[in-house]
Amino acid sequence: MVVQEQQPPVSVPDDRPPKWTPQRIAVWAGIALLGGVAWSILALGRGESVSAIWFVFAALSSYAIAYRFYARFIVTRVLRADDTRATPAERLENGLDYNRTDRRVTYGHHFAAIAGAGPLVGPVLAAQMGYLPGTIWIIVGVIVAGAVQDLMILFFSMRRNGRSLGQMARQDIGPVGGIAALIAVLAIMIMILAVLALVVVNALAESPWGVFSIAMTIPIAFFMGVYLRYLRPGRIVEVSLLGCGLLILAIVSGGWVAASSLAPMFTLDKVTLVWCLIGYGFAASVLPVWMLLAPRDYLSTFMKVGTIGLLAVGILVVAPNTTMPAFTDFAFNGAGPVFSGTLFPFVFIIIACGALSGFHALIASGTTPKMIEKERQVRLVGYGGMLTESFVAIMALVAACTIDQGLYFAMNSGAGVTGGTAAGAAEFVNGLGLAGVSITAEDLNAAAAVVEEESLVSRTGGAPTLAIGISEILSGIFGGAGAKAFWYHFAIMFEALFILTTVDAGTRVGRFMLQDTIGNVIPRFKDTSWKVGSILASAIIVAAWGSILLMGVTDPLGGINTLFPLFGISNQLLAAVALAVCVTILCKTGRVRYAWVPGIPLAWDAVVTLTASWQKIFSDDPRIGYWAQHTQYKDAIAAGQTQLGPAANLDQMEAVVRNTFIQGALSILFAVLIIVILADAIRVCVAHLRSGGISDSEHPHEPSKVFAPAGLFATAEEKRIQQMWAEHRPESPEAPAVLAGRE
Amino acid sequence: MTGSLDRRELRARGYARSVWSALGRVIWYVKEVVGENDYERYVNHLRRHHPQTRPVSRKVFERDKIQRLGTGPNTRCC
């Protein structure tokens, strides 16, 4: 008999929360106090501007308390994470996709995958209701809903060897829920691509500077691709830094191009841009990945993290004051020009990413679970990653709430009401009856001239507004007033870059999903290297989002106004799928007493989404209800009218009739999907509670043979165990070589 | 006099060293996140678990990695 050598512990024995020493009590009391003061200032401030610092304090102290107490409760009591259990990364380690990865690296990787343009755009649009509704939803929403969803899905997927959300829905809810989930994923993908592309189109239309610098990203990406493939394979960091340098050069030279005789060549209208984007999305989906997709992804990751960091520093240093009040009248009368509808339910629809984003469930059940080294690390990666994204949303909200209110509304009201001219916009905005807002056409022209744009009127979509906010903040530290144009275009570039990265990756993902689905009928489609199949599937996906995009830019009522709510609804629909999976799993594994943890956000999400859908489908108010608007325009055409509201001629009126039909039909589809998934999940839960049976689809317990700390910083106890491991295996063969001595 | 100079110099060297090691950590972290160390990790994995298998060259490895990205691309969030 061989005597096993004594192995150091693989988990912290007796993992109780640290003892409450007086210092610790003082620190947490201090955090709570600071948060309380910050929230009071935000909530009670009326009629005077508030410093951005209070937003930062309110957010960070709330996050700290939630992470320390609520997330810990979920991980230990609800999920019962167990560090003696080997994770898929340990059991299935293959040196390729299953890899035990340092927890901080997994966190960075996960954050880079979930953060995109969503948390930057939604809060900017929601700012029309004042700063408070958005702030409360972003912070409270992430704590009880968004981060909970990300954390639980990540954990459940990890316990199931990294299964995808769709597979979990099929296995744990059933075939009906599974199919509904599959349709929901495809639908949301197409809505996201269309709406994000619309944001880019609105930001780049008639802007030679923006178009030139974005166009330059294609040759830059191609250069990076060649470098990585032929010159220095795998040297991602150096080529990305090189690419970022070239990107800055492209932004600077965009200014020269805009001032030169080449400008007309890069001045494109919206419809032309739509066709460019459609061609681009198609090409990216069928071309080899190394040429365009992979290098762009690296570039946008670097830009994203760099700019977010820069913005955080900017907000702390400049500490701008808000110009937006806590609430505007639009929160209650629903007549806002940016999007129609009242605070409830539309704030919770418009701000999806940053508070609760169903899309994250796709990432939390994709690559990330295959990287987790120890189970308890899900708190840092899943919950912590989402808190970070929420903070990005708070920064976007601050940037939007600190620019001039008149300018904000002039930029975000559709061309149908402003007439697209500075004079028209000034008249419209002054007529909105907002306290303390008066703006002149000269002010608007001056604001455009500062950032060297032709006009800022009706630049809807949120990206240009955010770019103005960012340029105000960053020029306060770097470069002064003269650098505003640079920072504006830097911000536009930064948003457009990763929106386009989402567009090309999304088109490709959609293509594979479609090929897989069609492959069930025509097997040859499953072969992803088959040219005809890939071209056909790519064309279908591009046509789907492209047509919605085209509909959006030609909509006389303004595309963002009508499409953004649909985008939000589809994202919250996917969140409902994810949360329903979580509730079902808890019910099936005998943990029904904790079902409220995902259950409360699920109920809230369902109420919000269904109310919004109900209003979009049944409202009599043509500004809100798609069908009311549809009938209104149809009747007007039948009555021989040739203009109505923002639609100036018969063609435009017919466009409204057509668009509202498609939008109304999509609303119905989304609402039906939510109801089907909820009903199916409830059926499964009730059946399990009645029978009292426990069925578990997770991988059985296999003992772990490694140790790693759980949180961002190793505790004293964890350091002690790490030391034991280092002595036990001095050459540390079980830890990746690069990690040795890095703790 | 010289003693205090030496101490100052030593302290400066200490600072320089900690700046360097901090920078080293940042570079290590960035490389890990973007996956630049994947090849090294793969070679180590083979050496540990399949010592008889010869690892492919870095060029081939990176090519295959990007290829895998192409057939199962990472979704990027909104």
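State whether one or more residues within the stretch A:543-551 are within 14 Å of chain B (Cβ to nearest Cβ), among the small types (G, A, S) and over 21 Å from the mean Cα position of the chain (by Cα).
So in the stretch A:543-551, the residues within 14 Å of chain B (Cβ to nearest Cβ) come out as A:545.
Cutting the leftovers down to among the small types (G, A, S) gives us none.
Checked against the condition, which is being within 14 Å of chain B (Cβ to nearest Cβ), among the small types (G, A, S) and over 21 Å from the mean Cα position of the chain (by Cα), the stretch A:543-551 yields no hits at all.
Rundown of residues vs (1) away from chain B (no Cβ under 14 Å); (2) over 29 Å from A:F391 (Cβ atoms); (3) free of Cβ contacts under 8 Å to residues at least 12 places away in the same chain; (4) buried (at least 22 other Cβ atoms within 10 Å of the Cβ), yes/no style:
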position: A:F69; (1), (2), (3), (4): yes, no, yes, no
position: A:F73; (1), (2), (3), (4): yes, no, yes, no
position: A:R77; (1), (2), (3), (4): yes, no, no, no
position: A:D82; (1), (2), (3), (4): yes, yes, no, no
position: A:A89; (1), (2), (3), (4): no, no, no, yes
position: A:N94; (1), (2), (3), (4): no, yes, yes, no
position: A:N99; (1), (2), (3), (4): no, no, no, yes
Legend entry - Extreme residue, nearest to A:N321 (Cα to Cα), among residues of the stretch A:392-441 that are of a type in the set (F, W, Y) and buried (at least 22 other Cβ atoms within 10 Å of the Cβ): A:Y408
Legend entry - Candidates A:G162, A:G234 - the one that is within 14 Å of another protein chain (Cβ to nearest Cβ), on the phi > 0 side of the Ramachandran plot and free of Cβ contacts under 8 Å to residues at least 24 places away in the same chain: A:G234
Inset, instruction - Identify, by number, the condition in (1) among the small types (G, A, S); (2) under 24 Å from A:K270 (Cα atoms); (3) in contact (Cβ under 8 Å) with a residue 12 or more places away in the chain; (4) out of contact with any Gly (no Cβ under 8 Å at 6 or more places or on another chain) that A:G419 doesn't meet. - result: (3)
Legend entry - Criterion: at the interface with chain A (Cβ under 8 Å from one of its Cβ atoms) and at pLDDT below 90 - qualifying residue of B:T2, B:T53, B:T71: B:T71
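If a residue has to be more than 11 Å from chain B (Cβ to nearest Cβ) and either surrounded by fewer than 16 Cβ atoms within 10 Å (Cβ to Cβ) or not in a loop (DSSP other than H, G, I, E, B) (or both) to count, how many in the stretch A:260-298 make the cut?
So the first thing to find is which residues in the stretch A:260-298 are more than 11 Å from chain B (Cβ to nearest Cβ), and the list is A:260-283.
If we keep only those that are either surrounded by fewer than 16 Cβ atoms within 10 Å (Cβ to Cβ) or not in a loop (DSSP other than H, G, I, E, B) (or both) too, we end up with A:260-266, A:269-283.
Total satisfying the criteria: 22.
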Inset, instruction - Might you check whether a residue that is within 14 Å of another protein chain (Cβ to nearest Cβ) and either closer than 19 Å to A:E373 by Cβ or among the aromatic types (F, W, Y) (or both) occurs anywhere in the stretch A:144-153? - result: yes
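Looking at the stretch A:223-230, can you tell me whether even one residue there is under 30 Å from A:A259 (Cα atoms) and at pLDDT 95 or above?
Just the residues of the stretch A:223-230 that are under 30 Å from A:A259 (Cα atoms), to begin with: A:223-224.
Now narrow it down to the ones that are at pLDDT 95 or above: A:223-224.
Checked the stretch A:223-230: at least one residue is under 30 Å from A:A259 (Cα atoms) and at pLDDT 95 or above.
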Inset, instruction - For the stretch A:171-178, indicate whether the set of residues that are within 13 Å of chain B (Cβ to nearest Cβ) and surrounded by 24 or more Cβ atoms within 10 Å (Cβ to Cβ) is non-empty. - result: no
Legend entry - Only one of B:L23, B:L10 that is among the aliphatic types (A, V, I, L, M), more than 7 Å from chain A (Cβ to nearest Cβ), under 29 Å from A:S300 (Cβ atoms) and without any contact (Cβ under 8 Å) to a residue 60 or more places away in the chain: B:L23
Inset, instruction - Please work out which one of (1) on the phi > 0 side of the Ramachandran plot; (2) under 26 Å from the mean Cα position of the chain (by Cα) is the condition A:G420 fails and give its number. - result: (2)
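Have a look at B:E9, B:E62 and point out the one that is farther than 30 Å from A:I190 by Cβ, within 21 Å of the chain's Cα centre (by Cα) and either at pLDDT 85 or above or not in a helix (DSSP H, G or I) (or both).
Working: B:E9 fails: within 21 Å of the chain's Cα centre (by Cα).
Unique residue meeting the criteria: B:E62.
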Inset, instruction - From (1) outside any loop (DSSP other than H, G, I, E, B); (2) within 12 Å of another protein chain (Cβ to nearest Cβ); (3) over 27 Å from A:G599 (Cβ atoms); (4) of a type outside the set (F, W, Y), pick out the condition that doesn't hold for A:A43. - result: (2)
Legend entry - Residue among A:I721, A:I662 that is within 30 Å of A:G558 (Cα to Cα) and not in a loop (DSSP other than H, G, I, E, B): A:I662
Legend entry - Filter result for the condition that a residue is among the hydroxyl-bearing types (S, T, Y) and touching a Phe, Trp or Tyr at 6+ places or on another chain (Cβ under 7 Å), over A:S570, A:S619: A:S570
Legend entry - Elements of type helices (runs of 4 or more DSSP H) contained in the stretch A:391-442, each with 2 or more residues being under 18 Å from A:A203 (Cβ atoms): A:405-412, A:415-418
Inset, instruction - Among the helices (runs of 4 or more DSSP H) lying completely within the stretch A:306-374, list those that include at least 3 residues that are touching a helix residue (DSSP H, G or I) at 6+ places or on another chain (Cβ under 9 Å) and within 14 Å of chain B (Cβ to nearest Cβ). - result: A:360-364
Inset, instruction - Considering each residue of the stretch A:694-731, count those that are in contact with a helix residue (DSSP H, G or I) (Cβ under 8 Å, 6 or more places away or on another chain) and modelled with pLDDT under 90, and give that number. - result: 4
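Quick one: would you say A:G108 is within 30 Å of B:L69 (Cβ to Cβ) and outside any helix (DSSP H, G or I)?
Numbers: within 30 Å of B:L69 (Cβ to Cβ): yes; outside any helix (DSSP H, G or I): no.
Here the answer is no, as A:G108 does not meet what is asked.
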Inset, instruction - Filter the stretch A:518-538 for residues that are in contact (Cβ under 8 Å) with a residue 12 or more places away in the chain and crowded, with 16+ Cβ neighbours inside 10 Å and give the result. - result: A:I518, A:F525, A:T528, A:G533, A:S534, A:A537, A:S538
Legend entry - Condition broken by A:V738, with the remaining ones in (1) β-branched (V, I, T); (2) at pLDDT 90 or above; (3) assigned to a helix (DSSP H, G or I) satisfied: (2)
Inset, instruction - Check off (1) more than 9 Å from chain A (Cβ to nearest Cβ); (2) more than 23 Å from A:T106 (Cα to Cα); (3) out of contact with any helix residue (DSSP H, G or I) (no Cβ under 9 Å at 6 or more places or on another chain) for B:V60 and give me the number that stays unchecked. - result: (1)
Inset, instruction - For the stretch A:111-132, indicate whether the set of residues that are away from chain B (no Cβ under 14 Å), surrounded by fewer than 20 Cβ atoms within 10 Å (Cβ to Cβ) and farther than 28 Å from A:G30 by Cα is non-empty. - result: no
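For the stretch A:237-259: of the residues being within 14 Å of chain B (Cβ to nearest Cβ) and of a type in the set (G, A, S), which is surrounded by the most Cβ atoms within 10 Å (Cβ to Cβ)? So that I can check it myself, show each step before the final result.
To start, the set of residues in the stretch A:237-259 that are within 14 Å of chain B (Cβ to nearest Cβ) comprises A:237-244.
Pick out the ones that are also of a type in the set (G, A, S) and you get A:240, A:243.
Numbers: A:S240: 24, A:G243: 22.
So the residue we want is A:S240.
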Legend entry - Residue that is modelled with the highest pLDDT, among those in the stretch B:39-50 that are surrounded by fewer than 16 Cβ atoms within 10 Å (Cβ to Cβ), assigned to a helix (DSSP H, G or I) and more than 7 Å from chain A (Cβ to nearest Cβ): B:R47
Inset, instruction - Considering (1) assigned to a helix (DSSP H, G or I); (2) within 7 Å of chain A (Cβ to nearest Cβ), say which one B:E36 fails and leave the rest. - result: (1)
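The values are calculated or read from the model by the stated rules, or taken from the named source; none is laboratory data. Just so it is clear, the structure is predicted and the values come from calculations on it, not from any experiment. Neighbour counts run over all protein chains shown; Cβ positions are idealised from the backbone, glycine included.
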